[in-house]
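Worksheet: the structure to be examined is printed underneath.
The values are calculated or read from the model by the stated rules, or taken from the named source; none is laboratory data. Computed from a prediction, not measured in an experiment: that's the story for all the values here. Neighbour counts are summed over all protein chains in view; Cβ atoms, including those assigned to glycine, are modelled from backbone coordinates with ideal geometry.
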Amino acid sequence: MASLSDRLKSLGVKIGAQDLPAPQPRRASPHMHVLEQVLSGHALETHQGETFVVEERFAADYQMGSSGIQITAPLHIIAEWAGEQRIRDLPPQSFAFLDTETTGLSGGTGTYAFLIGVGRFEGDEFHLAQFFMRDPAEEPAQLAALEEFVAPCEALVTFNGKAFDIPLLNTRYITQGWKSPFSATAHVDLLHLARRLWRDRLPSRALGNLEVQILGATRTEEDVPGWMIPSLYFEFLRNGEPQPLKSIFYHNAVDVVSMAALFNHMAGLLADPFNGLIEHGVDLIALAKLFESMGDIDTATRLYIHGLDHDLPKETLLDAIQRLALIHKRQDNFPAAVSLWEQAAQHQHLHAHVELAKYYEHRLSDYIEALHWTRTALDLVNTPQFPAYERMQWRPELEHRLERLERKLASTSGDSDDIIIPKSED
């Protein structure tokens, strides 16, 4: 009886790999040979194979709009805000500025960072390197090249990197079976600070908008919207045409350089908020709230006072008055607090009415004045435009206060039948 091997041979099936042709390398697209010319880049050999890199160098005194990219501002305050004391005394050469362009926003294991832009200071230059994955098979080489580039750095600066870029890169390194070079690196995410500083004035805190509104810089028509970038990369993978990639590389390069300028600008604002460069009162109030949250009450107080000298939107004005008055109250500076509460009361601010009622009742035992402010507070609560859910919270408290004050006033006036209790005006 014929063996299985003999039967397979009779059917023309060859056993073993000795007669198989050698594997052929992936045939490049006819357009691939012009990639280096279109992008002014070059192939880079790593211990994991070959990847592609585009490099550019900027003078350290290069200006991005109104701000230079060189780190000239002291870093002690931004380090305190970020909770990264490791960066406060680092030289500029220790920072890496990183941004990725990806195949999607999900951040899962199927999402690739096909372009990783990273910049660092080298002597009197800012060295920008953009590591590009011409094919998904090049990812190990791309990641190896990135790791080598950031090896001298001790701190990382990103824009939304804590939520997206770095978790994604960590996943890509883990997928390759490697430890991520960013797992223990000091990290400052500028998006979180941008939201604290400008959310009350700017409707968008996207990096491109901050370039215009804060740095005074504009991008050229070569830029491409971020939402188009994944589709342009997939188109390149299909047809190998490199020309559309120029817009992606430009977008990524500007992001990285802008981060360096924005980091220097933000560090300068925090290190010296009274340098006279802040034009908007809303920004001063935002800085005051930031310093207050860090426990620097003296600086916060000065910034609140300075900000209140500017024209402010009503919501910002009342919030600043309330916060500053509370600081004065905690410091037992009631004359200053009362002056602020009276200012806010002119704008129908309920909290100011309540604080004035408390002050006159508990600090001065002036029950008539306390009764006045309690009644005006009730009048505000009972207006049709006052939110119903807040009315349910405030009305019982104010009515209870009103009854207590009427009793106190009666008990201090002798015969309660002769008491004339002032009424609030309609």
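If you take the residues of segment 269-283 that are buried (at least 20 other Cβ atoms within 10 Å of the Cβ) and out of contact with any Asp or Glu (no Cβ under 6 Å at 6 or more places or on another chain), which of them is farthest from Val188 (Cα to Cα)? Ranking the qualifying residues of segment 269-283, first place goes to Gly281.
Inside segment 294-318, residues that are free of Cβ contacts under 8 Å to residues at least 60 places away in the same chain and assigned to a helix (DSSP H, G or I) make up a count of 16.
For beta carbons closer than 8 Å, sequence separation of 6+ or different chains, a first residue in segment 351-364 that is within 16 Å of Glu406 (Cα to Cα) and a second that is assigned to a loop (DSSP other than H, G, I, E, B), the qualifying pairs are Tyr360/Asp366. Quickly run through segment 319-338 and pick out the residues that are closer than 18 Å to His362 by Cβ and either part of a helix (DSSP H, G or I) or assigned by TED's automatic domain parsing to the domain that holds Lys358 (or both). Ala325, Leu326, His328, Lys329, Arg330, Phe334, Pro335, Ala336, Ala337, Val338, listed by residue number.
When you look at Val224, is it β-branched (Val, Ile, Thr), part of a helix (DSSP H, G or I), within 29 Å of His127 (Cβ to Cβ) and without any contact (Cβ under 8 Å) to a residue 60 or more places away in the chain, yes or no? Answer is no for this residue. When residues in segment 53-69 are screened for being modelled with pLDDT of 95 or more, under 24 Å from Glu148 (Cβ atoms) and part of a loop (DSSP other than H, G, I, E, B), 1 of them pass. The strands (runs of 3 or more DSSP E) located wholly in segment 70-172 include none with 2 or more residues which are among the hydroxyl-bearing types (Ser, Thr, Tyr) and surrounded by fewer than 20 Cβ atoms within 10 Å (Cβ to Cβ). Within segment 288-310, does at least one residue satisfy the condition of being under 30 Å from Ser40 (Cα atoms) and surrounded by 16 or more Cβ atoms within 10 Å (Cβ to Cβ)? No - not one qualifying residue is present in segment 288-310.
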